[in-house]
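Asks: Could you have a look at this structure, given as structure tokens, before my questions?
Laboratory data are not the source of any read-out in this text; all were calculated from the coordinates shown. Just so we're clear, the structure is a prediction, and the values are computed from it rather than from any experiment. Here the Cβ is made from the backbone with ideal geometry for all residues, glycine too, and neighbour counts use every protein chain on show.
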Amino acid sequence: MSDVVLETKQLTKEFKGFTAVNNVSLRVQRGHIHALIGPNGAGKTTCFNLLTKFLVPTSGQILFNGRDITMAQPAQIARQGIIRSFQISAVFSHLTVLENVRIGLQRPIGDSFHFWKSEKKLNALNDRVMQLLAEVGLEKFADTMTVDLPYGRKRALEIATTLAMEPELMLLDEPTQGMGHEDVHRVTALIKKVAVGRTILMVEHNMSVVSGICDRISVLQRGAVLAEGTYNEVSSNQQVMEAYMGTTSGELEGAH
């Protein structure tokens, strides 16, 4: 197996003359937590949408485990093991936490959304559900209606549902967005925990999160890769500081 799980080669996306993603070449190493950061409008979300096939690139190539997936469909991408957190977000507010994760488990075994399956058959999945809930610290909430979960716990549920689909590569789109300090700490620790033996690519604004858990960081500006390296390398890069702060001084630490 190659050390590179995901690679993009000169990935480009244009919208009516506007270049949102411009010749982006990324290499995501197996087992790494790799962050995509940059100022608002840098092209991070468009890049994620290209990787998960919600958008078709204007030009360039996407390789997953060395296979060309540039023209694959979203469902094919998911089956190959690339799962984006919001794709299977816990949107079933009036199901319990356990039932939400069980739906995620049904997909890989071909029972997707078969709500009419006998309760006995569904209950056979419950042991695995409880293992997943324990992994994200939600076992005490198994019977809680999802609508009643605090926001940070909902994001943990989303990660559990993602894990149920056995991803080889997890794409997390701003996992700590809108969270208070305590939830940010909890979800950051959770990401670090579930990353063991997995590969994660995440878009994240909170630099304290990025500095704490990411092995490698790619900085986008105006759709292009401005810098890449460890947190220490990119945070001391003069161009990166100017892009974030609009000044030649100041800490990247403050750029949330």
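Asks: I want the antiparallel fraction of DSSP beta bridges within the chain, as a percent rounded to 5.
Replies: Percent antiparallel among DSSP bridges in the chain is about 55.
Asks: Among the listed pairs LYS121/LYS193; LYS154/LYS193; LYS121/LYS154; LYS53/LYS140; LYS13/LYS53, which have their C-alpha atoms separated by more than 24 angstrom in this model?
Replies: LYS121/LYS193; LYS121/LYS154; LYS53/LYS140
Asks: Can I ask one more? Based only on other Cβ atoms within 10 Å, what is the fewest-to-most ordering of CYS214, CYS47?
Replies: CYS214, CYS47
Asks: Also, I was wondering about something else. For the chain, what does the helix formula give at 222 nm: sum of -39500 (n - 2.57) over DSSP H segments with n ≥ 4, over the residue count, nearest 500 deg cm²/dmol?
Replies: After summing the helix terms and dividing by the residues of the chain, the value is -9500 deg cm²/dmol.
Asks: Could you tell me the distance between the Cα centroids of the range 30-90 and the range 1-22, to the nearest Å?
Replies: Comparing the Cα centres of the range 30-90 and the range 1-22, I get a distance of 9 Å.
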